[in-house]
1. Order these by the 10 Å Cβ neighbour count, fewest first: B:112, A:56.
2. Take every DSSP beta bridge whose two residues both sit in chain A, then give the antiparallel share in percent to the nearest 5.
3. How far, in degrees from 0 to 90, does helix B:22-32 lean away from the longest principal axis of the Cα atoms of chain B, to the nearest 10?
4. Using 1/(1 + (r/R0)^6) with R0 = 35 angstrom and r between the beta carbons of residue A:23 and residue B:112, what's the FRET efficiency to the nearest 0.05?
5. Quick check: the distance between the Cα centres of region A:46-101 and region B:61-77, to the nearest angstrom?
6. Nearest 10 degrees is fine. How inclined is helix B:57-72 to the longest principal axis of chain B, computing both from alpha carbons?
7. How much FRET efficiency would the formula 1/(1 + (r/R0)^6) give for residue B:147 and residue A:45, where r is the Cβ-Cβ distance and R0 is 22 Å, rounded to 0.05?
8. In deg cm²/dmol and to the nearest 500, what is the mean residue ellipticity at 222 nm of the protein assembly as shown if only DSSP H runs of at least 4 residues count, each as -39500 (n - 2.57), divided by the residue total?
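Just so it is clear, none of the values below were taken in a lab; they were calculated from the coordinates. Note that the coordinates shown come from a computational prediction; the quantities given were computed from them, not determined experimentally. Here Cβ is always computed from backbone atoms with ideal geometry, including for glycine, and neighbour counts include all displayed protein chains.
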């Protein structure tokens with residue numbers, strides 16, 4: 001189990017790979033993001049932005065979270081985040097293979113609650129060409145080591 | 001179909017409601033965010049932050065996207081966003097009923113591409129007590145009206 005005192009800027013944790021199938025893209029989209037460019041190859045090919053079938057950004061985010069639990073699930077309270085900056089940098093396509101690299105950026109003990117602190121983590125999802133497809137910069141809540 | 005010229009700051013679009021069942025919370029978590037506080041009521045009750053079963057933030061985000069497609073799916077190219085600031089403000093609990101209120105904040109024609117512009121939208125998810133549970137402030141790509 002990881003406490004705030006165990007972490008330092010520059011530390012990296014990684015997870016994956018996860019293969020993105022066309023079936024998974026369409027299944028997620030049908031339930032949560034039912035737009036033609038996530039569901040139908042022919043329509044997606046004509047879309048002026050996507051130009052082909054692409055995973056919902058929220059599907060990428062969900063796959064990233066599964067990898068984040070692998071990478072950071074041993075943090076003291078699990079992976080508990082209040083939010084952050086989420087950027088979809090490139091489309092995720094059928095057949096892509098994704099992996100996660102999480103890098104600790106800042107550590108801040110809480111001023112009001114002595115049992116905890118926050119850790120700023122840059123959570124990057126990369127594809128099989130080592131291109132970033134999503135970056136989520138999130139502040140996680142981490143317990144301090146009991147005195 | 002909505003073009004950039006049809007939008008103005010202050011315009012609101014809404015969607016929902018969606019009821020959040022305990023089964024849906026556990027099913028999403030099992031696939032994408034398998035942490036005990038999203039899967040097991042007894043363990044969740046002991047968690048120092050959650051104090052009870054709560055939906056994965058990514059599940060809330062996915063439900064919000066489904067409502068966003070209802071609310072903004074008639075935008076010219078669909079709901080196409082590059083990312084933004086995502087904040088989970090309050091936990092989402094079994095039995096909550098969520099709705100979405102999307103408010104246009106800024107409109108900016110593209111300087112380099114004359115066929116499009118960006119629209120800053122504040123996408124708020126509210127529960128049955130009208131409390132915000134998630135806010136995603138996102139820049140969407142919207143086509144301009146053909147000349």
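1. Exposure proxy ranking, most exposed first: B:112, A:56.
2. In chain A, approximately 95 percent of DSSP beta bridges are antiparallel ones.
3. Between helix and principal axis, roughly 70 degrees.
4. The value I calculate is 0.45.
5. 19 Å
6. Approximately 30 degrees, to the nearest ten.
7. So, using R0 = 22 Å, E works out to roughly 0.30.
8. Per the formula, -7000 deg cm²/dmol.
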